[in-house]
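To keep things clear, I will list the structure first and then write my remarks on it.
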Amino acid sequence: MRVLDGIKVLDFGRYIAGPYCAALLGDLGADVIRIEKREGSEDRYLLPLTPGKDGATGDGAMFMQMNRNKRSLTLDPMTEEGRRIAHRLAEEADVVIANLPPATLKAMGLDYATLFAINPRIILTTVSAFGSTGPYADRVGFDGIAQAMCGAVYLSGTPEQPIKSYAPWVDFGTASLAAFGTMAALYARAQTGRGQEVQGALLSTALTFFNFHLIEQAILKTDRVATLNRSQNSGPSDLFRAKDGFVQITINGEPLFRRWAKLLGEPEWIGDPRFASDQARGDNGEALSARMQRWFSERSVAEALSALEAARIPAGPVYSPQQALDDGHVKAMGLFQDVNYPGLGLPAPVAGTPVSLSLTPGELRRRPPMLGEHTDEILAAIGIGAEEIARLRAANVV
């Protein structure tokens, strides 16, 4: 049994926030139809891996991750016939996911009022950059914009050079929260019989993930500035250079600090007022990091990690992407599943569901779809015959 067996999802998403939300639902058993324009959505071709036809860009790495467990339908909902097909699909759907501007949704006939009139049980999950209210509601934006506007970029790097995270944590966080909201809406529908609209926003996610820093600023007016990798709230928590690489350590709490001081031969620092609490250690973290760096400078990464592990101090090496793939523990976790795709010379290591359920785990059942791979079977299932499909294809509707 899968948790979402029998749930039908129409995925009009693009890039990460919408498609990954749909992918998580697909992992749990939902029948997800990825709907994109006839030439393919832009996100299909990011980080291209496969050769495209006639010199065009091939399907990309982002698409491999975001669109497992989906079928593909090409459709132009901006045409009258395309809207009719979208509405026929919505009649039988449980969830529609779209990270499109509100005006575009309305033009496609995918706004909640229109969908509710077609199917009162439907759940519309939308993701926008700035939410549906406020002066920025009509602005467009991506993950990096939200990172910048929540304060995270300002407090990363240095005061002279703020740094955005390379990983799109706002997009993935928003997708995960949107999936959480969609599951809650499905649970509510089981009780009330009625669907609802679920709204996620990149800036809301970023502000939420950064909230405790904002609370501190609001109450204490600390006006913190960036200190590169060194934590301002504990210590020593920083990134250090060993003889042959870099290591991150994180020390929070008195027991960990005591173990660290003993390991470094500085037992007198345990009673030092400068280091009497996590915040005091954060305030005086420069001295702690300097001492830790001297220790690292005398050791290789392997030697340092061995000593830190023996002292039960949290630490990890700074890996390149290839080193992350090659790590024995990463392999033992079983998170990555080899997925074959037409045109790929090697299987793609696609991360499966990142949370484990003991009885009803997520599954990677289906490789990502080729563009329009299931158009005929999806349309046939709603009663459109082969001749009509051929006519729609000739008219550039599908």
Within region 342-370, restricting to residues that are part of a loop (DSSP other than H, G, I, E, B) and either acidic (D, E) or in contact with a strand residue (DSSP E or B) (Cβ under 6 Å, 6 or more places away or on another chain) (or both), the one that is surrounded by the fewest Cβ atoms within 10 Å (Cβ to Cβ) is P347
Across (1) closer than 30 Å to M66 by Cα; (2) part of a helix (DSSP H, G or I); (3) under 23 Å from the mean Cα position of the chain (by Cα), G200 clears everything bar (2)
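Looking at region 230-247 only, could you name the residues that are under 17 Å from G282 (Cα atoms) and either in contact with a helix residue (DSSP H, G or I) (Cβ under 8 Å, 6 or more places away or on another chain) or buried (at least 16 other Cβ atoms within 10 Å of the Cβ) (or both)? Please lay out each step first, then the result.
If we filter region 230-247 for residues that are under 17 Å from G282 (Cα atoms), which is where we start, we get 230-240.
Correct list: R230, S231, Q232, N233, S234, G235, P236, S237, D238, F240.
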Checked L75, L124, L89 against criteria (over 30 Å from F209 (Cβ atoms) and surrounded by 24 or more Cβ atoms within 10 Å (Cβ to Cβ)); the one match is L75
Of (1) free of Cβ contacts under 8 Å to residues at least 60 places away in the same chain; (2) outside the structural domain of Y20 (by TED's automatic domain parsing); (3) not small (G, A, S), I313 satisfies every one except (1)
- prompt: Can you spot a residue in region 212-230 that is out of contact with any strand residue (DSSP E or B) (no Cβ under 9 Å at 6 or more places or on another chain), assigned by TED's automatic domain parsing to the domain that holds L25 and among the polar types (S, T, N, Q)?
  reply: no
For region 147-172, pairs from a residue that is more than 20 Å from Y20 (Cβ to Cβ) and β-branched (V, I, T) to a residue that is modelled with pLDDT of 95 or more and part of a helix (DSSP H, G or I), with Cβ under 9 Å and 6 or more apart or across chains, are V153/G144; V153/Q147
Scanning region 30-46 for residues that are modelled with pLDDT of 95 or more and in contact with a Leu (Cβ under 6 Å, 6 or more places away or on another chain), the one farthest from R365 (Cα to Cα) turns out to be I35
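The values are calculated or read from the model by the stated rules, or taken from the named source; none is laboratory data. Note that this is a predicted model, so its numbers are computed, not measured. Reconstructed Cβ throughout: ideal geometry from the backbone, glycine too, with neighbour counts over all protein chains shown.
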